[in-house]
Structures are given as C-alpha cells and as structure tokens.
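A short worksheet on the structure shown next.
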Amino acid sequence: MGGVAFHFPLFIIFLPMLASIVMPLLRSSNIARNITLAVQVVMIGLSLGLTVSLWVSPAPYFTYLMGYFPAPFGNEIRAGMLEALLACAFSTVLLFSILGTAQDTDKDISESKRPLFYCMINLLNTSLMALVFTNDIFTAYVFIEVNTLAACAIVAAKENRDTLKATIKYLLLSVMGSGMFLLSTAFLYSITGHLLMEPAREVITALVADGQYQFPLTMTILLFIVSMAVKSALFPFHTWLPDAHGSATTASSAILSGLVIKGYIVMLLKLLYRVYGIETVAELGVFHVLFLLGITGMIAGSVMACFQTKLKRLIAYSSVAQIGYIFVGMGLDTQGGFTAASYHIIAHAFTKSMLFIAAGALISAAGSYTISDMTGTARKNKMAGIAFTVGALSMVGIPLFAGFVSKFYLAGAAVQGHISIWITMPVLAISTFINGLYYFPVLVRIYSKPEYEGDAVPALPVGKLKPSFAANFTLVCLIAANVALGIFFAPLLGALESGFLWLG
Amino acid sequence: MGLITNFYEATAMVLFGIGFVTLLLQKNLIKKIIGLNIMDSAIFLYLTTTGYITGRSAPIVIDGVVYAGAYVNPLPSALVMTGIVVAVSITAFALALSLKLYEHYGTLDMDKIALMSRGGKG
C-alpha cells in the first residue's frame, strides 16, 4: 500500500479537527455551515479514495505509524475495508444531516451560538473517525470522551428546560460508562502491558491458552461491553436516549441517532475482534451476554415505542430496538452475524437520519410535536411524507429497502448459529410485527385528510411551510441511498465481509 | 495476604465503588459530580500504583543509561496525566450545565428536576 492514499486516514481525522478550531473565530453562521459542509464533501472524497485504493491494492489493510515508532511503542492508525466503508457512510450521513436541517437549526439555535454548534459537530466528526480508525485503546478512550462532550453539547445547543435535563441525564450516564471503560483499560494494561490492540491480543491469546487470568479477562470484557452498551443505549441502559433524541434540535437528533451511538458499537466490535480475538471471546462465553442483551432490546424497544405520543420519541425508541438488532448480530458469533450487524450499522445510519429529518419537517408543518396533531401533514410537505414512508418501511423491514437486507441476513446468520435460531426467529418476527404496529398508524395519520381544517390552534409557531431546496434535495438523496442499499446490497455486503476477514 | 501487599490497589477499588455509587444514587448534582471525580481519581491511583516499583527511579537519563531495570515505565504516569485532563474538562462541562439547570429549574435536585419537567411540557 503506497501512494498518497496511505495518508488519507490521518487527513480524515485531522481535517474536521482543524475545522473545529476555526469555527469559534467565525462571526457568520452561514460561513461556518458552508465550511463544515465543504469539509464533509472532502471527507467523503477522501474515504471513497481510501476505499477504492484498498479495493485495487493487493494488501487488504495497512497500519499507519503515528510518529513512526514501531509496534509495541507509539500510536497507530489501522485502515481496512470495513473502516473505510464506515468512514464513507458516516461522513455521507453527517453531510446530509447538516444540509437537510438548516432551517430547523436556524430556528432553534441563536445566531451567535451557531458557529459553536458547528464547532461541536466537527469535533464529533473527528472523534467518530478516530474511533473508526484507531488501533490504540487509550486513544479510543480519549476520543470516546471527546465524543461524549460534543454529543452532550449539541443536545444542549437548543437551550430550554427539556434539553438541559436531557443533557445532564445523558452526561451522567455517559461518564459512568467512560469510567468503566477507563477502569477496564487500566486492568487490561496491567495484565498485558500493552495498549496497542495487536500486541495486547497476542498476550491475551497466550494467557487464555495457558488458562491464566480467565476471571479478570472476562471481567474486563464485561466492563467494556457494559460501558459501550450504556453509550450506545442498549435496552436496560437506554434511559437517556429518548429524552436526548426527542428534545434536541433536528440536526442533533439525526446525528445522535444515526452516528454517535454507532461509533461506540464500532469500537466494541474492534475491541472484541482486535483486542480479545473472536475465539477468546467465544471461549469466555461472552457472546451469550451480547445475544441476550440484544434480544431483550429488540422486544423492549419496540414495545415502548408503541406507547409514545410524540413523533420524535417514537423514532428514538425505535432506535433502541434497532440497536438490539445490531447486538444480536454480534452475539450470534458467526461470520454472517457480524456482517449483518455491520450492514445494519450503515443501513440504520441512513434510515434513522432520514426519519429524523423528515419528522423535523413534519413537526414544523404541523406546528406540534404530538402525533395526534400530525393529521394531513404529509399533504403539506410531500417530500417529507415520502421520506418518512420510505424510512418507516425500511425500519419495519419491507423488501427493496435497506432495513430488509440486514434483517434478512440476520435471519440467515441465525440459521447458521448453534441453538439461537429457536430464539432469534420468533423474536425477529414479533419485533417486526410490533414495528409495523407503531409505524403504520403514523403513516395513515400523516396522509389522511385533516377533519377540522384550521380549527386546532398549533402549539408551536408554524414555520415556513415551503421547505427549502436543500431539505428536499437531502431527502431525495437519502431515499435514493436507502433504495440503493436495499437493492444493490451484494457488493457492499461482500466488501464488509472481506473487511471482517482481515480485521482479526 | 493479597489485600495487604496490594493495599493501594484495594483502596483504589473501594474508592471506585464509593465514587460510582455516589454518582449513581445521590440526588444532588454537585454531589454526583464529586462522585464522578472520586471515581476517576480511584482509577488514577490504581494506574499510578501499578506504574511504580519500589527502588526504581523515573526514566530521566543524565549520565547515560545505567541499566534498563533501574527505571520505571513512564507510560502509566502519562496515562494518568491525560486522564486528569479529560476528567477536568468533563467536570467543567458538568458544572457549567448544572449552573444552567439551576437557572431554569431553581434546584439542583435531580428528582425534583425530573418531576418538574414531567409536570411541564413533558
């Protein structure tokens, strides 16, 4: 692996960091937004370039030495097919989440604070990319904290009672997770003497083969799993998510639900694959924990979504269920399960950000957060209605849309698994049924004719009814991406699978 | 006895437990933040202790390297430094957020805040 593409992962991490340094110096929020968008476009280009050069090069991955200190010392970046594709998907979703919600952002956040809001978005982007590419556990810890702070800041950006309460709840649970991550890192470092992932795995494999340190190693994995589960809102630890995602401004909701929680799952995947090794994790019996947590999440998230009266909270609870799907895919302990999980990371990122952007548009068309006030909103804002429909169908798992592919392959992976098929299949069916149960009434409502035209007093000021060109363009692109992911999935699945093959 | 020889590590774990429970169960936001700091300090104590070996000095080379066994690994101290910086920024953010919450709700009691926001717009 030579040439300029070798340096692309470094650029991908540092470009948004530089942009975030510039943001607070800017006075105009439009310039800040345009710079952020330009950075995103460049990053999509860089990650596409990285993907293509990895595709054509004979080496399936490469490690980049930061400061050129060789392996047991120094800090490393590792780039393979999986990392490149995730970086590509994440930057695309982030670009559309900023572009499509400009009207809501301008409405919710005051002019003087907006450059700082974009500063936080750029920082968040840096930390996401660092989590995707880093090869060092302590670097991961630092960027997890950066991610936490930036994510909390973009929830609090729309400053009112609800968002502040949601932010403090999110922050307190997050720091609890970070504390467990740091403790586990300290244990792992004192057991193995390494912070880089590959040297640590060599030591761990040798220790497990000797039968030493079984219990402390199991405890460190469980600590890592719980800390990442808290941050990615897996079921029993999800309590912060509906508040934070439901009350924040639309851009923040889309970014948080689509990307931030995925960054931690990617980190957990890397910890399992690269620090412990799949065989070790299977030997210590940890996959059952992941599987059980995921299965409960799938059902509980869906059931709780049924009882929501506010549109954004409904979509937020649906995220809790979808995170459950990803964990089930990881807990199946088959190659197919991991591939399905990573496909669902990408599919859910595209779908959920689209749902939140469309929901934001529907909310401003209705002038209310409540679902019962949404009657006929899709007639006022046609594009948002179509996007919401596509997103809902994809989340339920209708063929031709992205969500179907990951569910299909999840079911396929369950067939290859050992005992889990008798649990996975019925739970998948029940969860899909409940998904339909809460999404379809919303669809019927937004398309049905309002009975009392102009009779009800809207709770919020009804915004500009005409959506901007950028918002419509974003929704068209996201719908196209969703359908493309649902129909032409084979090459992406193949690339992800080859990425996993070389991840260990 | 493991507990006596590993006195510092055991203390660190007890402190971690105290900090964790304080963060989880206290109602007052300031006390929660104090709990967070106790928890982080416990991990720093643990890292510092594992990084120190009696009789060895810091790896500062003046008259050439004596022999490798005369020094301790400097990495744990570096980790503690980084960790302290992270803990300080989280604490600052949490305190700033508490100030804002006090402005909006007039209390720092999390239970009362949760009740108020449910009683309001919900």
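Just so it is clear, none of the values below were taken in a lab; they were calculated from the coordinates. Note that the structure is predicted; figures quoted are calculated from it, not measured. Cβ sites come from the backbone with ideal geometry, for glycine too, and all protein chains shown count toward neighbours.
Shown is the FRET efficiency for residue A:198 and residue B:57, computed with R0 = 35 Å from the Cβ-Cβ distance and rounded to the nearest 0.05: 0.70.
Grab the alpha carbons of the stretch B:54-109, take their convex hull, and tell me the volume per residue in Å³.
Numbers: hull volume 5.7 nm³, N = 56.
Hull volume normalised by residue count: 101 Å³.
Return the FRET efficiency for the residue pair residue A:415, residue A:27: r is the Cβ-Cβ distance, R0 is 56 Å, and the value is rounded to the nearest 0.05.
Values: r = 59 Å, r/R0 = 1.05.
Given R0 = 56 Å and the Cβ-Cβ separation, E is 0.45.
At the listed q of 0.06, 0.11 Å⁻¹, the Debye profile of the protein assembly as shown, built from one uniform point per Cα, gives log10 I(q)/I(0) equal to -0.31, -1.08.
Relative to the longest principal axis of the Cα atoms of chain A, helix A:81-99 runs at roughly 20 degrees. Among A:169, B:112, the ranking by other beta carbons within 10 Å of each residue's beta carbon, starting with the fewest, stands as B:112, A:169.
Counting only alpha carbon atoms, the long axis of helix B:29-51 and the longest principal axis of chain B meet at about 10°.
From the C-alpha gyration tensor of the stretch A:312-452, pull out the three semi-axes of the equivalent ellipsoid (sqrt of 5λ each), sorted largest to smallest, in whole Å.
Numbers: eigenvalues 205, 35, 25 Å².
Taking √(5λ) for each eigenvalue gives 32, 13, 11 Å, largest first.
Annotation: amide H-H contacts under 5 Å for residue A:308 (H modelled 1.01 Å from N, sequence separation of 5 or more, or interchain): none.
Amide H contacts of residue A:398 (H built 1.01 Å from N, in plane; Pro and chain starts excluded): A:404 sit under 5 Å, all sequence-distant by 5 or more or on other chains. Per-residue 3J(HN,Hα) values for the stretch A:219-226, derived from phi via the Karplus relation 6.51 cos²θ - 1.76 cosθ + 1.60 with θ = phi - 60°, read 4, 5, 4, 5, 4, 4, 5, 5 Hz in sequence order (x marks Gly and Pro). Dimensions of the stretch A:1-56 along the principal axes, based on C-alpha atoms and rounded to the nearest Å, stand at 44, 15, 11, largest first. Among B:82, B:48, B:91, the largest mean-square fluctuation in a Gaussian network model of chain B, built with springs joining Cα atoms closer than 10 Å, belongs to B:82. Simple point charges give the picture: +1 on the Cβ of Lys and Arg, -1 on the Cβ of Asp and Glu, and for the stretch A:289-504 a dipole about the Cα centre of about 520 debye. Within the shell defined by Cβ-Cβ distances under 13 Å, the residues around residue A:117 carry a net charge of 0, with Lys and Arg each +1 and Asp and Glu each -1.
Sorted from greatest to least, the principal axis extents spanned by the alpha carbons of the stretch B:1-55 come out as 44, 21, 9 Å. Projecting the Cα positions of A:268, A:290, A:247 onto the charge dipole of the stretch A:172-292 (unit charges on Cβ atoms of Lys, Arg, Asp and Glu, taken about the Cα centre) puts A:247 furthest along the positive direction. Altogether, the Stokes-Einstein calculation at 20 °C and 1.002 mPa s, with the Kirkwood radius of the stretch A:1-108 over Cα pairs as Rh, returns a diffusion coefficient of 139 µm²/s. Here is the P(r) of chain B: all C-alpha pair distances, binned every 5 Å from 0, give 2, 10, 14, 15, 14, 11, 9, 8, 6, 4, 3, 2, 1, 0, 0 in whole percents. The phi-based Karplus calculation (6.51 cos²θ - 1.76 cosθ + 1.60; θ = phi - 60°) puts the 3J(HN,Hα) values of the stretch A:52-68 at 5, 5, 5, 5, 7, 6, x, 7, x, 7, 8, 10, 10, 7, 7, x, 6 Hz, whole numbers, x for Gly and Pro. The value of relative contact order for the stretch A:235-387, using C-alpha pairs under 8 Å at least six residues apart, is 26 percent.
Only counting other Cβ atoms within 10 Å, I'd like A:215, B:93 sorted with the fewest neighbours first.
Ranking A:215, B:93 by Cβ neighbours within 10 Å, fewest first, gives A:215, B:93.
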